[in-house]
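J.: To start, I am sharing the structure in question, which I have written as structure tokens.
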Amino acid sequence: MALAFGLSCGAALSDFGLLVTSGWLLAAAAQAGLGGYVTQNAFNMFLPAAGVRLFATIRILSRYGERVATHDVVLRVTGRLRTWVFANLIPKMPALSEENRSGDMMARFAADADTLATIWSDVVLPVSTALVCGCVAVGLMASVSKEAAIFLCSGLVISGLILPWIAGRLCEEGTQFITRRQEIMRGDLVEAIQGVGELRVMGAVTGIIARFETLQREIGTARIRLLVRESGARALNSFLMICVTLAIIVIAVEAMQSHEISGSCVPMLMLGTLCAFGFVSPLVATRMAALRARVAADRVFPLCDTEKTEKNTRYYHGLLDHGLEMAHVTMCYPRRTEPVFQDVNLVIRPGERVALVGESGSGKSSLIKVIFSFYDFQEGNITFGGVDLRTLDTEVMAECISVVSQDFHLFVGSVRRNLLIACPYADEDAMWRALDAAQIGAFIRNSPAGLNTLIGEAGVKLSGGQARRLAMAQAILRNTPWIILDEPTEGLDEETECQLIHSFLDVIPKTTTVLCITHRLRNIHFPGRIIMLEQGKFRDKKI
Amino acid sequence: MQAKSENEEWSMERLTRRAGRKLAPCLLVAGIAAVLLVVQLMLLADLVDGLVFRHRTFDSEKTVMVWVLLAAGGRCVFQWGADILSARVGVEITSAVRRDLLAHLFHVGPVGLVGRSSGELAATLVDATEALEPYVAHYIPRAALMMVLPLLILAVVFRVDGWSFAILVCTGPLIPVFMALVGYRAQAVMDRQWTQFLCLGSAFLDFLQGMTTLRLFGRTREAVRAISVLSDDYRRTTMSVMKIAFLTTATLEFFASLSIALVAVVLGTRLLAGTAEFRSAFLILLLVPEYFAPLRAFSASYHARQNAVSACTKIVGVFALPELMGAEQQVTEKSVSVSCLSCENLSARYDADGPEILAGVNASFCRGQLTVLTGSSGVGKTTLIRLLLGQITPSAGCIISLDDKGRESKAALSIGWVPQRPHFFQGSIAANLRLAAPDATDAQLREAAGQADALAFIEATPEGFETVIGDNGIGLSGGQGMRLALARALLRNSSVLLLDEPTAGLDGDSQARVIRSIRQNVTGRIVIVATHRAEMMQVADHVLHVSGGTVTDVRTLRGVVA
């Protein structure tokens, strides 16, 4: 970073040096030329000419180096920020997506992280370069003429500080507005793309496109309004530059007439002024970049703001000696008043086979969310393996328990990839065994690409029942001591359902604890204890 | 055919031509600004020369100073105007591309989008179109201006000093040549960069939406690593793009600096020898940076052009998706009068060379009848429903809709649909329901929800119909989502109802209520239900068994109800 800064200053100063020396060279040569033969010979042409070439070379090299160094830093920061955003989203995930659309989060990941990282190249670097080079320019000017230096200094302050400040004030609201609208647009787009089928059938397309158009128009107008201000500030800047240049010419000529400085200094001072303004002219754009970065920061950081709690992240065998115990647990989702569980008790011992039955929406699936600490419970105690659940990390739970959740997600890619996500060390034999046990092996074998068969986003190339069986295969493959099935047979005909449950129970070790969540008691061919969930309470069904 | 015409509509050449026409006034304004700049510099050179070497007084130079200020002011105003005009065109063009893209996606339909990740599509719609803006707003005007300002300056220099003219003429044209040489490789790298960017976006969205699954598997760390690797790949490619871009700029700067140095030294020598005058030398020194400035601006936005070309490839790629669904047809009075849907020899496959999912299906679905499709999982029930929805076109055969008088009707069908995995949008329950019927009153919402057995759980929430649900129906249980989707389909009051596993995730009591209201809604409608549930089959008029690509009528319980 320091390197980039040094190079940036070097490039800017050699720019300044190049023009100033050339100006001086021309003026001095012209004067010498007028002075006659003797002065012509006495004039040292070599030194300034060499200086001109030196500055020219430094300028090219340092400019190139500066750009490479700066962008390298920016891109590294962007990459790290993106990974950081993603990593911080993980622990907040199912709860967070209630308030934030995935499109919004994607915007923060893709666009905001990018904007934030450019702080270095678009804000820090130009500001510091302008500061250093501006001071050098004023200092050099002061060594020739104090009065001119004062003029230059005040001109630079107006153009580099006051104008950007005003522009920033004027554009603040607009920038926030645009970012917000763009976020909405991205969210709308992701929703619209994923819901294309339903929107078409519902005849809602015209409405969606109209809404999109309005958004686009609003963003467009706001953008132009910002640009009018920003580029107005830039225009004012160049006008100011000419005014200050004229003033400095007047001062310099007056000084020359009173013989304080030589004539050759006048064009030099003038060129120096023009060049010094070049240092501060990017500052309006810098102010805008700073604004955008601040808006981006305001959006990224709160989203990624997580409370760090010390959790037990180590898995140990002792966890499997005791089962799951819930005592007087009350749980209520955030921003809901009705609790899902009210003072419930539940004990599942290791090795048990349990069916959990309840009405739709009664909170069966919420049990999984509580066990994996996706949501907090408010009262009571839950222990897993004799350890307080609050101290157990989700990762540890994942090592003990496999879940086929109702809203399982299959990832873009092949069957193999999805199986490997479930169990990274599985070999092909194990994969086929799991697929066969899930009653989907035959289907995969029959498709030409086998395990490499591609399934689309969210597994759309598979039918509903096939996707669910693939999710079952994932759980079987993981071979964890506990398995929780959430409506495993949805979308299956009775025959397949029966086969599936039987082959599933066959293939898993006898010691595996199984919790099967369902609403269709009569259809489960499932040995073991049956627990009913009614009005937020668990109760054993007497058989 | 339509896809093709639209596809060409936004190819790079068309885009450029279209933008060029709109940019004409902007170019005129920018041209005036350029002329004013040259005038301003000439006046400045005159002023300095007069004051320093000709010992003129301030009084005599007052008019020149006023003119300098006027020229500078005018230039700033015109430049400002040109900026605004070009930005307007940029916004206009990108908005148009985006609108057309979105409309196209709706024409492609859900089946056509299978395998295209939505993250990638969203990134194409937002970021790739965004990349066109600098191309339109900066590159095109600068490319045009590059023809004007340097030539103008050359003309001035030619009048003033022959030597400098020669230097500039020699170095100027070298720049585009060298830039082309350096930029030659950049395009391929840039294409790769875009592919990686879209890949990163789609991976992020996929991981994000599957985060619960990842956490349940305890595999989040691998996902973070995958994202980090993808980001790093993207960084490396971007960096190589950047390096090439910087090299082009460095080439330019090399020539610019070389020319300034050469001009300065040559002029210095000649001034010393007295063969040149200061005024023209100083003017040339002022003009030389301006001679290279548009070239430099052009090369800076040359990157924008390459970026836009690559982005445009991605955009054209989306436009090239076949429009499986075609344009939306307005639902009319005629739609309501459809009395029968008849499939004749209907076949379907997803890939041109893939296996046939359905082969030669003959079936008819009449108004006032409830037809149940059954058959083991993966056999093609959903495919048949997709055909009826028009989401895919049959590979052979056709679906004919007949009106009351038994004539073939071409009117668009009004359909209510409950898919296996219903999709919801972030917003209140009421807003989600009103997507199907924007003018529905509160009473109608309640009625539809009641019929779908959704009223009880909606009213149990403190905010009732105003309860906000997340996108993808987060906050709803599986059965609740299903019932909400059914309510939405019923609200549409359509002439055809297509229900794919509508009782999935429902317990016995709720299922009974839902089946009862589906049965009630059969009157005056064509209702087709895909299900495995025996309870549903019991109330059906027909049960069609789908297997081996064909459909057999296994049971007609109630007979034909007129």
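The values are calculated or read from the model by the stated rules, or taken from the named source; none is laboratory data. These figures come from a predicted structure and were not determined experimentally. As a convention, Cβ positions derive from the backbone with ideal geometry for all residues, glycine included, and neighbour counts pool all protein chains shown.
J.: Here is a check on your reading of the model: is residue B:216 in contact with a strand residue (DSSP E or B) (Cβ under 8 Å, 6 or more places away or on another chain), in a helix (DSSP H, G or I) and within 7 Å of chain A (Cβ to nearest Cβ)?
T.: For residue B:216, the condition - in contact with a strand residue (DSSP E or B) (Cβ under 8 Å, 6 or more places away or on another chain), in a helix (DSSP H, G or I) and within 7 Å of chain A (Cβ to nearest Cβ) - is met.
J.: Name the residue that is farthest from residue B:305 (Cα to Cα), counting only residues in segment B:149-198 that are at pLDDT 75 or above and hydroxyl-bearing (Ser, Thr, Tyr).
T.: Among residues in segment B:149-198 that are at pLDDT 75 or above and hydroxyl-bearing (Ser, Thr, Tyr), the one farthest from residue B:305 (Cα to Cα) is B:164.
J.: With A:369, A:364 as the choices, which residue is basic (Lys, Arg), under 28 Å from residue B:203 (Cβ atoms) and within 9 Å of another protein chain (Cβ to nearest Cβ)?
T.: Selected residue: A:369, the only one of A:369, A:364 that is basic (Lys, Arg), under 28 Å from residue B:203 (Cβ atoms) and within 9 Å of another protein chain (Cβ to nearest Cβ).
J.: Which of the helices (runs of 4 or more DSSP H) found entirely inside segment B:118-213 contain at least 1 residues meeting this: in contact (Cβ under 8 Å) with a residue 40 or more places away in the chain and within 30 Å of residue A:108 (Cβ to Cβ)?
T.: Here the list reads B:118-123, B:129-134, B:186-209.
J.: Just checking, does segment B:496-511 include any residue being more than 8 Å from every other protein chain (Cβ to nearest Cβ), part of a helix (DSSP H, G or I), under 23 Å from residue B:367 (Cα atoms) and touching a residue at least 12 places away in the same chain (Cβ under 8 Å)?
T.: No.
J.: Of the residues B:81, B:31, only one is within 23 Å of residue B:147 (Cβ to Cβ), more than 10 Å from chain A (Cβ to nearest Cβ) and modelled with pLDDT of 85 or more; which?
T.: B:31
J.: Still on this structure, I have one more. At least 3 residues that are over 30 Å from residue A:279 (Cα atoms), charged (D, E, K, R) and under 24 Å from the mean Cα position of the chain (by Cα) in each: list the helices (runs of 4 or more DSSP H) lying fully within segment A:92-202 that qualify.
T.: A:163-194
J.: Follow-up question, since we're still on this one. Just need a number here: residues in segment A:58-77 that are at the interface with chain B (Cβ under 7 Å from one of its Cβ atoms) and either among the basic types (Lys, Arg) or surrounded by 21 or more Cβ atoms within 10 Å (Cβ to Cβ) (or both).
T.: 7
J.: Also, I was wondering about something else. Which of the residues that make up segment A:185-214 are surrounded by fewer than 19 Cβ atoms within 10 Å (Cβ to Cβ) and more than 7 Å from chain B (Cβ to nearest Cβ)?
T.: Hits for segment A:185-214 are A:206, A:210, A:211, A:214.
J.: Residues being at the interface with chain A (Cβ under 7 Å from one of its Cβ atoms) and of a type in the set (A, V, I, L, M): count how many of those fall in segment B:84-115.
T.: Matching residues across segment B:84-115 total 8.
J.: How about segment A:501-523: which of its residues are farther than 22 Å from residue A:427 by Cα, more than 9 Å from chain B (Cβ to nearest Cβ) and among the hydrophobic types (A, V, I, L, M, F, W, C)?
T.: Of everything in segment A:501-523, those that are farther than 22 Å from residue A:427 by Cα, more than 9 Å from chain B (Cβ to nearest Cβ) and among the hydrophobic types (A, V, I, L, M, F, W, C) turn out to be A:501, A:514, A:515, A:516, A:517.
J.: What's the number of the condition residue A:43 fails, among (1) facing chain B (nearest Cβ under 7 Å); (2) modelled with pLDDT of 75 or more?
T.: Here residue A:43 clears every test but (2).
J.: Among the residues of segment B:522-530, are any outside any loop (DSSP other than H, G, I, E, B), under 14 Å from residue B:453 (Cα atoms) and within 10 Å of chain A (Cβ to nearest Cβ)?
T.: no
J.: Considering every residue within segment A:388-400, establish whether at least one is in contact with a Leu (Cβ under 7 Å, 6 or more places away or on another chain), crowded, with 16+ Cβ neighbours inside 10 Å and either in a loop (DSSP other than H, G, I, E, B) or at pLDDT 90 or above (or both).
T.: So far as segment A:388-400 goes, no, none of its residues is in contact with a Leu (Cβ under 7 Å, 6 or more places away or on another chain), crowded, with 16+ Cβ neighbours inside 10 Å and either in a loop (DSSP other than H, G, I, E, B) or at pLDDT 90 or above (or both).
J.: Only one residue in A:128, A:121, A:62 is among the hydroxyl-bearing types (Ser, Thr, Tyr), in contact with a Gly (Cβ under 8 Å, 6 or more places away or on another chain) and assigned by TED's automatic domain parsing to the domain that holds residue A:298. Which one?
T.: When all the criteria are applied, what remains is A:62.
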